[in-house]
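Written out below as structure tokens is the structure these notes cover.
The values are calculated or read from the model by the stated rules, or taken from the named source; none is laboratory data. Remember, it's a predicted structure, so these values are computed and weren't measured experimentally. A quick note on method: Cβ atoms are made from the backbone with ideal geometry, for glycine too, and the neighbour counts reach across all protein chains shown.
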Amino acid sequence: MTLRTFSRVSFPAVSAALALSLALGLGVPAEAGALKGTVKLPDSARSTRLYQGYWRLENGNVPVSNTGGAKLETVVVLENVNGAHPPPARTVTVEMGGLDAHPRLVITGPGSVVEIKNTGKVRLDLSTPETPSVMPLEQLPPGATRRAKFDAVGGYAIHDSEYPHIMISVIIVDSPFFATIDEKGSFAIAGVPDGKAHLKVWTRGKWAAEEEVDTSSKEELIVKVAAPGQKEKEEKETAE
Amino acid sequence: MFLSKIWFILIALVSAVAGTFALVAPRPAVQKLAALEGQRLDRAQYAAEQMFKVDAHKWIDRVSKLGRDAILSESLDAASRGSGEYTVIHRTIQDRFRTLIPDLATGGIDVIVALDSKGRVIARVGDNEKEYGDYVGGIEVVADALRGYLSDDVWGVGGKLERVAGAPVLSKGKDRIVGAIYVGAETGPGLVERLKKNLDVDVALLLRGKVIASSRPAGELDALPEIVAQHTADIAELKRTPALPLTVGQDKLLVVAAPFPGQAGEQQAYYALLGMQPAKSDLGALLSNVSSNDLKWGNFPWVPLTAVTFAMIAIGLILQRVEVEAPLGRLRRELQKVAAGDLQKIDDGKYGGKYGGLARDVNAAVERYTHAPGARSEMAGKDLNAILGPSGGSTFDLPPAGSAFSGSTPAPAFAPPVAPAFSPAAPAFPPPPPGGFAPPPLPSFNPPPAPAFAPPSLPQPFSASGLGASISLPPAIKPAPWSEPQQLPTDALDDGAADRQMPDGEATRVVPYDQHEEEDAHFRHVFDDFVDTKRSCGEPTAGLTQAKFLQKLRDNKSTLVAKHGCRTVRFSVYVKDGKAALRATPIRE
């Protein structure tokens, strides 16, 4: 039994810093500005849990904490930005311990490799069910490491079949313009060149919203994310 | 006959409607039963969902109550702070668990786990109770408990389903979270039996495409996961499937499946409730479902059914009697009277429909036979048009006049012997002899010479010395119309001729004769024949009136008489090239 202290990482800070450094390093047009906005998540997506049971009650004595968990995995990505180049490929290590992934969210450029180390005591069965060619189902015994390369731009959710709550979101971007959201759902992407871009929101293992945006606009964006099932229902009604 | 036909048609229609009703009527009932069974399963699913919900709350309450235990709180506080001997704390918590819950199995508990504030397992009781020290803080229910939430979840781990409830353990001062406790409850055959008992339906639990527990025999529901998997869209939208048909051996089942909440829902974990489909509604199924009890007097309307059946039969018989047997009997009696000579013709006005037609035909046949020519001329059988046409005369080759059996000799006032009586076995009215036929002279009766017989003034006394017998009619006897049949005194007839005995002993009667009336009757008969023949040939009869037709015949007759110098003309109907046609036979004398 390996006793290990949890290392909680502030992913918004990390991603913002990553975005800033990438923006400075790659260089952006002189008209670059910050794209700010708010992602309105449905109630069910504001939980720290991916999967809800019947009840979730406060203890009545000690204030509850509502940070971390699945809430860390919401990210806003800009695609098709004028003159933007993808971040360089790199290798990102994800530790699997305590039936959790650290970090849960990886945002990197095409060709990057995600290295998964099983530091826990249980065997894991990891795969990308939506794109099995990228990462087919494979057992990862305790202490073992598995690598997977992500070449194509897009979002990938690595799941464990035995413990569905274990999920790693891998976002391969074609530009350095992305940001995670804070507790209030706010985000800011610095150094975005003026022009048209495609904004996408990734949360809870899938793209939840997308829209065309004008990055030269100074107004704050408000991106609404539909509740699970509602989007499909609206699409179905539209089709009918 | 009309009412009889209507009655039979009515009975056929009623029978068809009754049969249709018998086969169709159960179908809505079966559909309704299926719908009701589906609704019952829906309600059972709702009840099961509520039961799971209450169960989850109950487990949360239990765990929360455990978390308020002072010894557990202090022990976990010490473990979280890292003070105290770790092994001692482990044993202390285990002992405390066993004290608080002496029998886990009775409570349906698989495992109780205590964790410090970092998600490290301090102690377990139940499954793997010797293991501790591992981190499970990533488990959502545990992470929630360490955030301060009391919550539940359902796991699908190791091929088993487990319902889990977690709660934080607060410090003695209830001002901070010092750890968490979670309980795993058995979710397998025990739950299935409990659900079946409470809901009165069969239950199956599914996980990752397999049936892991069922109240039905193992292997029966192997097809169930596939059926449920085909309705994931319904499950995502409605949180359950509609009632789905499932065949298990001879049983037709209905299934409603719903997902478990929590992360097990991501692992295709469902609970399925199974009810029986109603029986089929086809004839075989209906009959096979009939029991002897259903046919008892109290349960089956035997009396009304029998009464209705006999009433229908009685009405049919009455209609048959009124429309068929009675007129047939009357007609027969009249025919017997005609045959007996009591009547000269049938009163066809008393009969309707085909019996009326039959009566008229019989009258016409009697009349024709009575006045039929003895032989037909060579012109017989010629088409009317041929006779009347420019070349018609060339074919007019009548037998020499004066011949005793020249064809156109009109029927004598006293007809040749006819059939002794109307009998179905023997034709009552034999057809007239064919053209050219010369009847052999009767040994005791020679027809009177034609000149001696003047039809219009019939009957006239005449001498028949050449026949070897004298026949004379009393002057008092006057010609009588058909409608006033008059019997001639039999003593006025010669014993050897006029009063010839028929085989049954009845005498032949002298029939009064009226030429015009006879001709009209003949023309009417021809008209009837002509209309019937046209109908039988499928020709239209619209516009063909009796008056016009009779007038035409009279005109034709006059033309023929004038052309050929014959006394009269007899018409008959035949079919030529598929159409009704008239044929004329001149009668010389």
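Among the helices (runs of 4 or more DSSP H) confined to the stretch B:297-374, the ones with at least 2 residues that are among the basic types (Lys, Arg) are located at B:326-340, B:353-371. Within the stretch B:560-588, being modelled with pLDDT of 85 or more, surrounded by 15 or more Cβ atoms within 10 Å (Cβ to Cβ) and assigned to a helix (DSSP H, G or I) holds for B:Leu560, B:Val561. Which residue is nearest to the chain's Cα centre (by Cα), if the candidates are limited to the stretch B:38-57 and must be more than 22 Å from A:Leu57 (Cα to Cα) and among the hydrophobic types (A, V, I, L, M, F, W, C)? Within the stretch B:38-57, the match that is nearest to the chain's Cα centre (by Cα) is B:Leu41.
Report yes if A:Ala179 is in a strand (DSSP E or B), within 14 Å of another protein chain (Cβ to nearest Cβ) and hydrophobic (A, V, I, L, M, F, W, C), otherwise no. For A:Ala179, the condition - in a strand (DSSP E or B), within 14 Å of another protein chain (Cβ to nearest Cβ) and hydrophobic (A, V, I, L, M, F, W, C) - is not met. Where helices (runs of 4 or more DSSP H) sit wholly within the stretch B:1-101, those with at least 3 residues that are loosely packed, with under 13 Cβ neighbours inside 10 Å, more than 14 Å from every other protein chain (Cβ to nearest Cβ) and of a type outside the set (Val, Ile, Thr) occupy B:2-24, B:26-67.
Quick check: is even one residue across the stretch B:296-316 farther than 30 Å from B:Val141 by Cβ and in contact with a strand residue (DSSP E or B) (Cβ under 9 Å, 6 or more places away or on another chain)? Within the stretch B:296-316, none of the residues are farther than 30 Å from B:Val141 by Cβ and in contact with a strand residue (DSSP E or B) (Cβ under 9 Å, 6 or more places away or on another chain). Residue count for the stretch A:163-180, restricted to those that are more than 21 Å from A:Pro86 (Cα to Cα) and among the hydroxyl-bearing types (Ser, Thr, Tyr): 1.
Starting from residues that are among the small types (Gly, Ala, Ser) and not in a loop (DSSP other than H, G, I, E, B), keep the ones in the stretch B:523-559 and report whichever is surrounded by the fewest Cβ atoms within 10 Å (Cβ to Cβ). Checked the stretch B:523-559; the qualifying residue surrounded by the fewest Cβ atoms within 10 Å (Cβ to Cβ) is B:Ala547. Flag not set for B:Gly349, criterion: within 29 Å of B:Lys5 (Cβ to Cβ) and modelled with pLDDT of 85 or more.
Filtering the stretch B:160-209 to residues that are among the acidic types (Asp, Glu) and touching a helix residue (DSSP H, G or I) at 6+ places or on another chain (Cβ under 8 Å) leaves B:Asp200, B:Asp202. In the stretch B:122-144, the qualifying residues are those that are aliphatic (A, V, I, L, M) and within 9 Å of another protein chain (Cβ to nearest Cβ), and the one that is surrounded by the fewest Cβ atoms within 10 Å (Cβ to Cβ) is B:Val136. Of everything in the stretch B:148-162 that's surrounded by 24 or more Cβ atoms within 10 Å (Cβ to Cβ), within 7 Å of another protein chain (Cβ to nearest Cβ) and of a type outside the set (A, V, I, L, M, F, W, C), which residue is nearest to B:Leu76 (Cα to Cα)? Per the criteria, the residue is B:Tyr149. The set of residues in the stretch B:105-121 that are within 14 Å of B:Arg62 (Cβ to Cβ) and either in contact with a Ser or Thr (Cβ under 7 Å, 6 or more places away or on another chain) or hydroxyl-bearing (Ser, Thr, Tyr) (or both) contains only B:Thr106.
For the criterion of being without any contact (Cβ under 8 Å) to a residue 12 or more places away in the chain and within 21 Å of B:Gly357 (Cα to Cα), B:Thr533 fails. Quick one: is B:Asp282 under 30 Å from B:Leu23 (Cβ atoms) and touching a Phe, Trp or Tyr at 6+ places or on another chain (Cβ under 9 Å)? Spelling it out, it is not the case that B:Asp282 is under 30 Å from B:Leu23 (Cβ atoms) and touching a Phe, Trp or Tyr at 6+ places or on another chain (Cβ under 9 Å). Only a single criterion out of (1) over 30 Å from A:His165 (Cβ atoms); (2) in contact (Cβ under 8 Å) with a residue 24 or more places away in the chain is not satisfied by A:Ala208, namely (1). Of the residues making up the stretch B:190-212, just one is buried (at least 23 other Cβ atoms within 10 Å of the Cβ) and in contact with a Pro (Cβ under 7 Å, 6 or more places away or on another chain), namely B:Leu206. Residue count for the stretch B:257-310 satisfying the condition of being without any contact (Cβ under 8 Å) to a residue 60 or more places away in the chain, over 30 Å from B:Val157 (Cα atoms) and either crowded, with 19+ Cβ neighbours inside 10 Å or of a type in the set (Ser, Thr, Tyr) (or both): 5.
Scanning the stretch B:126-162 for residues that are outside any strand (DSSP E or B) and of a type in the set (Lys, Arg), we see that the one that is modelled with the lowest pLDDT is B:Lys130.
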